[in-house]
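Trainee: Got a structure for you, written out below as structure tokens; questions coming shortly.
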Amino acid sequence: MKIKLLISAIVLSFATSINGVVFAQTPTNTTAPASNTEDPEKINNIKKLLEITGSRNLFQKITSQLIGTMKTEYPDVPQKFWDSFIAELKPDDMINEIIPIYSKYYTNEEIKQIIQFYQTPVGKKTITILPQLSSESAAIGVRYGKEAAQRAIQKLEAEGYIRRQ
């Protein structure tokens, strides 16, 4: 149970970090024609955007953190297993699955504009600090959620509702 929660948290962290970078400049038109999903130029531009924003590096960093945590949960597992498991994880496979999502919401022109933004000084700064912003914001969200749940439980118990065991 603990490991499933950890994996979910890491995946959520990764997803929000990748997607968060693009939110820095959200276009007003968020619907792209479906026919653009097969446009090779658009696909290459999305790959370029994901490369600029460090998606591959983030994937590798999160994978390393995940493996490190799993090793502490399973200390008797030999390194050979972890090496084999890591070899199965392919950043390109994940990126190829993300491309249609970007293609769905952005036109090729919008992708080009986002790339231009990330090549400016403020865009480069955004890429650099966004993982920390996401992490700190997520921590606040988790804390806020726990506090809200505790308040809800207190109110429910004050009104005579009993928690199932």
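Where a number appears in this text, it was derived from the coordinates with a stated rule and is not lab data. A quick note: this is a predicted structure, and the numbers were derived from the prediction, not measured. All Cβ positions, glycine included, derive from the backbone under ideal geometry; neighbour counts span all protein chains shown.
Trainee: Suppose the chain between Tyr74 and Ala149 were pulled fully straight at 0.36 nm per residue; how much longer would it get relative to their current alpha carbon spacing?
Mentor: Taking 0.36 nm per residue and subtracting the Cα distance, the gain is 23.9 nm.
Trainee: Using only alpha carbon positions, build the gyration tensor of the stretch 116-165, then give the equivalent ellipsoid semi-axes as the square roots of 5 times its eigenvalues, largest first, whole angstrom.
Mentor: 43, 8, 7
Trainee: Hey, another quick one. Could you tally the net charge around Ile115, taking each other residue with its Cβ under 14 Å from the Cβ of Ile115, Lys/Arg +1 and Asp/Glu -1?
Mentor: In short, +1.
Trainee: At Arg164 and Gln116, where each label point lies 7 Å from the Cα along Cα→Cβ, what is the point-to-point distance in nanometres?
Mentor: 5.6 nm
Trainee: Report, ordered by chain and residue number, the lysines lying within cross-link reach of Lys112, taken as a straight Cα distance under 23 Å and ignoring same-chain residues fewer than 8 apart.
Mentor: Partners found: Lys42, Lys47, Lys48, Lys104, Lys124, Lys125.
Trainee: Also, I was wondering about something else. Counting other C-beta atoms within 10 Å, which of Ile111, Ile43 has the fewest, and how do the rest follow?
Mentor: Ile43, Ile111
Trainee: Next question. Based on the mean of other beta carbon atoms within 10 Å per residue, what is the order of 82-95, 127-140, 55-68, most packed first?
Mentor: Result, highest mean first: 55-68, 127-140, 82-95.
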